[in-house]
């Protein structure tokens, strides 16, 4: 029982991580994939420490690499402690990767989000978002296409109005001639007002 | 309703056909500001553009795009089609990107629409500093080597250029250079006594000087400034500075190279018109900026002269990563 | 007399009153949507109000500012997604309350406490502005550095579960904050020679990814469960509750004003420090922290709204911005032909009193809009998850893009979302990551300034700390808090307790 454990006697009624205040993980059991994740963090920390050393080496206390080196060193040490302690724990028998950590819906959504990221620039904000909303609401709900279309387009329109018109955030237009369209409405409005 | 449909359809058709300069602008124009909201570039651009919009008869949507000392914004605008629908609103820094190793592109990949105004550098000191003018500061540095804390804003910033000038004229100064991420935070630190002296742009320090929170040592110009007529010019202390002055940071609006000439002309006349607006002129005057409002060849010449002088000054002071020669920037003729 | 008139300007002109009201109302919603920030709204307003007079323009901005700082708490409580960085601490106890169906109570408490904190901030601004700004100016680089270290020690109270994982998360956050071109020397750090990485990683993108996307992905596990029914019985907290928390709320408001008044630190750091303070001084919370402690709502919400008044202090007295929003307001004053700076209070004292009046008005509107319309807001959580989750994801994407108009930020946001998802599963706390990113530059820049100023001499550096009362106080606080988190302290305490038992 090291000093790092002093907070472990808290109650864990909420182990799935739905709240950040009570994150997932069990104090005395290892979840599937936890050791691999800890190992990955250790490897990544070591690489970052190497990279931080490359910024300026041990040139000076005031070098731009000083704080990055100190922090990545802390990362390596704490990651190492986590790996050792995780390795000592027994796995949690009731859990599997596909059941508790990465169920099918999460993998599907990961795919959808990656597709969104790839399509955003060539296709443009409006078509990509419409496709994303329609696909994801359809996958999650058991409602008919009418509901899915109405909710998707309605909420997308609202988001677009708030961000594009009020906050003038220029999302990638892609294949939709947004700028011409808005100018047209602006002209219409101005002529109407004049 | 019919008119509406026709309009909507024609808007779609227009999008697909090549933009013709006669109708320019047919859509909103994007203005990318190289620096963050609330900074001087931001303030200047947001106050001149509404006047220019009126003259242009279009809409310019301004957005701040920060990062990489402005290089992120510059590369972003450069990569977009040169159709006059994206403007770069920036300051002098890109002219130093190449020699400082900060980027491969600079204003030579752009056409200046308007160089709006120029700032004047000034040397200010903490109110409790044991000297009252430039000569006093020099004497103090000689008596107390390695004691004076001089503010800086990173390589290529105004303080680094002014410091390079002082090193060139007076010989290497033995001072501590404390880095800040902008002249605002540095001037705050100056008032709190964390640094002793700061080379800053006049506009940023003028209110502090008026209130007696910091004291001016010398103005980096060949003539006295009408905003602070009592502050001596640096040339009155040492006339070697005459070779390098006047020098100062500037603000300008640019479009990517390859933009059709008539669109450039339209934009240039709109910004020239906007820069004449009395409210804007008054704002710039209050902040101690000198109006320029130049465009075309005059602006090109100004940019290349500025780049020649400054890059070689930094090169001779040993502050560059690569020689200006590598980029075909010739040493200025004496 | 003139100042009194100026103070009442807002109340006597219906147009200004309306603008403050509209601004506050809009601010609550802008603050609640992750990715729509007050900073963004205010900088757009500069162009929008360009042709207006200065009073109406400032009225609208102040309304949005006040409402926005408060609005961030809404989504933090209802969805576990802080709408703004200053609401991160609010999520930690607010969301557990919403999961118990007590979102109404939580929102009621945060509203009244924000109102209280807002008033403390405004009162300090009105009464002691020159005094506080003189004090804030005294902070040297080493003091900012010590403040950052103090902030980093909060990792201990932000991590439930394994402290080693919390420390890892905090250090990771600091490293993330260092990515990109170093603003002081333009050296590239952790960029791996990729041009896209030179701009660094937007802190808002990290926050939206870690809290928004990872939360949405996690909610996919419970897609079949019905939404939690919220019972909205008592929204306005009782006098007893308020009286009980009065001492704490005064202390945390004071933290808020001071952190807000310091140039370079704002409501986000203030709220986290206040949360930590509450955890330290509250001996017996009704519920443990992290599971819906009322004190965990009181502290951050008083502090972040008190920081609003605090941020105006250096702005009004010296023309130095106290945070990002006041920086833009200074620009707005310039555009409207004023010269913000130390002379503003002398040349135009009416402007000062007008702003104080507008802040007071905005604070009242915030209370009004905060206590009404809760039912409507709560409907959001009661929406079916099948619609809510896709919308959260889309809003996260748009929000991340909007910060800096960059697709790269969207990719970062998604990357941190997936990473955060695994972190949650394996018991790594997310709070310290955000804390690290927020404090990264404060720590790094000021450490370098401090040590450069002492010519790289550690001896001179520590002499500097011990010869300044301010630095010494901060240093003592750092040492005390650090020791209280280590085993020596708890061993000593238990030994002491045993001795007393005998």
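The values are calculated or read from the model by the stated rules, or taken from the named source; none is laboratory data. Computed from a prediction, not measured in an experiment: that's the story for all the values here. Neighbour counts are summed over all protein chains in view; Cβ atoms, including those assigned to glycine, are modelled from backbone coordinates with ideal geometry.
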Output the number of the condition that residue C:40 fails; it satisfies all remaining conditions of (1) part of a helix (DSSP H, G or I); (2) under 20 Å from residue C:118 (Cα atoms); (3) within 14 Å of another protein chain (Cβ to nearest Cβ).
(2)
Which one of these does residue C:375 not meet: (1) surrounded by 24 or more Cβ atoms within 10 Å (Cβ to Cβ); (2) assigned to a helix (DSSP H, G or I)?
(1)
State whether the residues of the range B:210-233 include one that is outside the structural domain of residue B:50 (by TED's automatic domain parsing), in a helix (DSSP H, G or I), in contact with a strand residue (DSSP E or B) (Cβ under 9 Å, 6 or more places away or on another chain) and on the phi < 0 side of the Ramachandran plot.
yes
Considering the range B:269-293 alone, what residues qualify as being away from chain C (no Cβ under 14 Å) and surrounded by fewer than 22 Cβ atoms within 10 Å (Cβ to Cβ)?
B:269, B:272, B:273, B:276, B:290, B:291, B:292, B:293
Those residues of the range C:398-424 which are in a helix (DSSP H, G or I) and at the interface with chain A (Cβ under 7 Å from one of its Cβ atoms) amount to C:398, C:401, C:402, C:407, C:410, C:411, C:414, C:418, C:422, C:424
Looking at B:257, B:240, B:266, can you tell me which residue is in contact (Cβ under 8 Å) with a residue 24 or more places away in the chain and within 26 Å of residue B:102 (Cα to Cα)?
B:257
Of everything in the range B:73-83, what is crowded, with 24+ Cβ neighbours inside 10 Å and in contact with a helix residue (DSSP H, G or I) (Cβ under 8 Å, 6 or more places away or on another chain)? Give them in sequence order.
B:74
When the range A:24-40 is checked residue by residue, the ones that are modelled with pLDDT of 75 or more and facing chain C (nearest Cβ under 7 Å) are A:31, A:34, A:37
Determine, yes or no, whether residue A:45 is touching a residue at least 12 places away in the same chain (Cβ under 8 Å) and in a helix (DSSP H, G or I).
yes
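Got at least one residue in the range B:246-265 being away from every other protein chain (no Cβ under 13 Å), modelled with pLDDT under 85 and surrounded by fewer than 19 Cβ atoms within 10 Å (Cβ to Cβ)?
Within the range B:246-265 (the criterion being away from every other protein chain (no Cβ under 13 Å), modelled with pLDDT under 85 and surrounded by fewer than 19 Cβ atoms within 10 Å (Cβ to Cβ)), the answer is yes, since at least one residue qualifies.
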Consider residue C:201 against the criteria (1) closer than 13 Å to residue C:413 by Cα; (2) surrounded by 24 or more Cβ atoms within 10 Å (Cβ to Cβ); (3) within 11 Å of another protein chain (Cβ to nearest Cβ): it satisfies all of them except one. Which criterion is unmet?
(2)
If you take just the helices (runs of 4 or more DSSP H) that sit entirely in the range C:188-285, which of them hold at least 2 residues that are closer than 30 Å to residue B:100 by Cβ?
C:203-207
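Counting just the residues of the range B:309-325 that are in a helix (DSSP H, G or I) and farther than 14 Å from residue B:243 by Cα, which one comes out nearest to the chain's Cα centre (by Cα)?
Per the stated criteria, the residue is B:311.
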Filtered residues of the range C:462-478 (kept if more than 19 Å from residue C:255 (Cβ to Cβ) and surrounded by 12 or more Cβ atoms within 10 Å (Cβ to Cβ))
C:462, C:463, C:464, C:465, C:468, C:472
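Matching residues to (1) within 14 Å of another protein chain (Cβ to nearest Cβ); (2) part of a helix (DSSP H, G or I); (3) within 22 Å of residue B:313 (Cβ to Cβ):
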| site | (1), (2), (3) |
| --- | --- |
| B:130 | no, no, no |
| B:141 | no, yes, yes |
| B:155 | yes, no, yes |
| B:172 | no, no, yes |
| B:177 | yes, no, yes |
| B:184 | yes, yes, no |
| B:187 | yes, yes, no |
| B:198 | yes, no, yes |
| B:205 | yes, yes, no |
If you scan the range A:50-81, which residues turn out to be more than 9 Å from every other protein chain (Cβ to nearest Cβ), at pLDDT below 90 and part of a helix (DSSP H, G or I)?
A:54
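Search the range C:174-187 for residues being free of Cβ contacts under 8 Å to residues at least 40 places away in the same chain and in a loop (DSSP other than H, G, I, E, B), and hand back the single one that is farthest from the other protein chains (Cβ to nearest Cβ).
C:179
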Some residue of the range C:95-115 being buried (at least 24 other Cβ atoms within 10 Å of the Cβ) and under 18 Å from residue C:266 (Cβ atoms):
yes
Take the conditions crowded, with 24+ Cβ neighbours inside 10 Å, under 22 Å from the mean Cα position of the chain (by Cα), at the interface with another protein chain (Cβ under 8 Å from one of its Cβ atoms) and closer than 18 Å to residue C:416 by Cβ and apply them to residue C:171. Does it pass?
yes
If I filter the range A:94-107 down to residues being assigned to a helix (DSSP H, G or I) and more than 9 Å from chain C (Cβ to nearest Cβ), which single residue comes out as nearest to residue C:217 (Cα to Cα)?
A:107
Consider residue C:428 carefully, then state whether it is assigned to a loop (DSSP other than H, G, I, E, B), crowded, with 24+ Cβ neighbours inside 10 Å and either in contact (Cβ under 8 Å) with a residue 60 or more places away in the chain or within 25 Å of the chain's Cα centre (by Cα) (or both).
yes
Testing residue A:91 on (1) within 30 Å of residue C:396 (Cα to Cα); (2) more than 10 Å from chain C (Cβ to nearest Cβ); (3) in contact (Cβ under 8 Å) with a residue 40 or more places away in the chain, one condition comes back false. Which one is that?
(1)
Identify, from the list B:159, B:199, the residue that is under 23 Å from residue B:309 (Cα atoms) and modelled with pLDDT of 90 or more.
B:199
Do any helices (runs of 4 or more DSSP H) lying entirely in the range A:108-194 carry at least 3 residues that are away from chain B (no Cβ under 14 Å), and which ones are they?
A:125-140, A:145-160
